[in-house]
């Protein structure tokens, strides 16, 4: 009887040891899996992410933008628009692009206006213009402007339909593509003294792309402007200052950071026969 009890005790003790050993094996296995997920796997993922994530490239440029923007008032509500822009890179040494724009504007009153028109852009791909990007552009815009006791403000929404192709040695490369773009402009002018001709100018405009061919750069660019606006006489004025342009290129990883000196001239010409009603022209930053 004593031997049987001792045998049973040894058997169950042995069985418990085997069972406990199995439990220990399972626990260690689970702990190894947990350690893998907590420590090893994140390191592998991070390493793979760093390897696959492309590097963000920022190209800094120094540019000069000069433009002439004119408004011809034909009636109390209708006016014509004509603009010319010349933009240079490497301060003024290299060509950037040339731009012309024409349009018509209808003013509901001095504060609310709508416009539409056509523009053309030539973007230089090299110094000699043997290769350049050609753009035909149709645009529409809505402008809200008002003058207060201490400042004047302007808000503009512009939509653009942009048709592109590259041209080499005067011949199209037949690589047409199309992009939609929408622009939001906020501008404030603060006179240095009441009734004075000189104002402090600050403005910001964001450009957003959309459409089927836009993949990596829904954000197109942002333009922040700070400067001085000066009235010359009844018909002419200009603004001069610094503009920071931050632009994302179609690749999605390449950016331009343009430090820009801008000098924009504005001409407003009243061609109405009856000039009794005062027309106020809100100057847009372009």
Exercise for the section: Mind counting the residues in the range 117-132 that are modelled with pLDDT of 95 or more and loosely packed, with under 15 Cβ neighbours inside 10 Å? Expected result: 2
Practice task
For the range 221-237, state whether one or more residues are within 25 Å of the chain's Cα centre (by Cα), in contact (Cβ under 8 Å) with a residue 60 or more places away in the chain and over 20 Å from residue 96 (Cα atoms).
Solution key: no
Handout entry: Hits in the range 196-215 (condition: touching a residue at least 24 places away in the same chain (Cβ under 8 Å) and out of contact with any strand residue (DSSP E or B) (no Cβ under 8 Å at 6 or more places or on another chain))
Key = 215
Completion exercise
Over the range 238-282, the set of residues exposed (fewer than 14 other Cβ atoms within 10 Å of the Cβ) and within 13 Å of the chain's Cα centre (by Cα) is 257
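Given the criterion surrounded by fewer than 12 Cβ atoms within 10 Å (Cβ to Cβ), in contact (Cβ under 8 Å) with a residue 24 or more places away in the chain and under 26 Å from residue 131 (Cα atoms), identify the matching residue among 175, 169. If you could, list the steps in order and put the result at the bottom.
Numbers: 175 fails: in contact (Cβ under 8 Å) with a residue 24 or more places away in the chain.
Every option except 169 fails the conditions.
Conditions (1) at pLDDT below 95; (2) closer than 24 Å to residue 263 by Cβ; (3) surrounded by 16 or more Cβ atoms within 10 Å (Cβ to Cβ), marked per residue:
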{"position": "64", "(1), (2), (3)": "no, yes, yes"}
{"position": "87", "(1), (2), (3)": "no, yes, yes"}
{"position": "96", "(1), (2), (3)": "yes, yes, yes"}
{"position": "140", "(1), (2), (3)": "no, no, no"}
{"position": "148", "(1), (2), (3)": "yes, no, no"}
{"position": "159", "(1), (2), (3)": "no, no, no"}
Practice task
List the number of the failed condition for residue 194; all other conditions in (1) modelled with pLDDT under 95; (2) under 14 Å from the mean Cα position of the chain (by Cα) hold.
Solution key: (2)
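The values are calculated or read from the model by the stated rules, or taken from the named source; none is laboratory data. The shown structure was predicted, so the numbers you read here are calculated from the model rather than taken from an experiment. Glycine also receives a Cβ, built like all others from the backbone with ideal geometry; neighbour counts cover every protein chain displayed.
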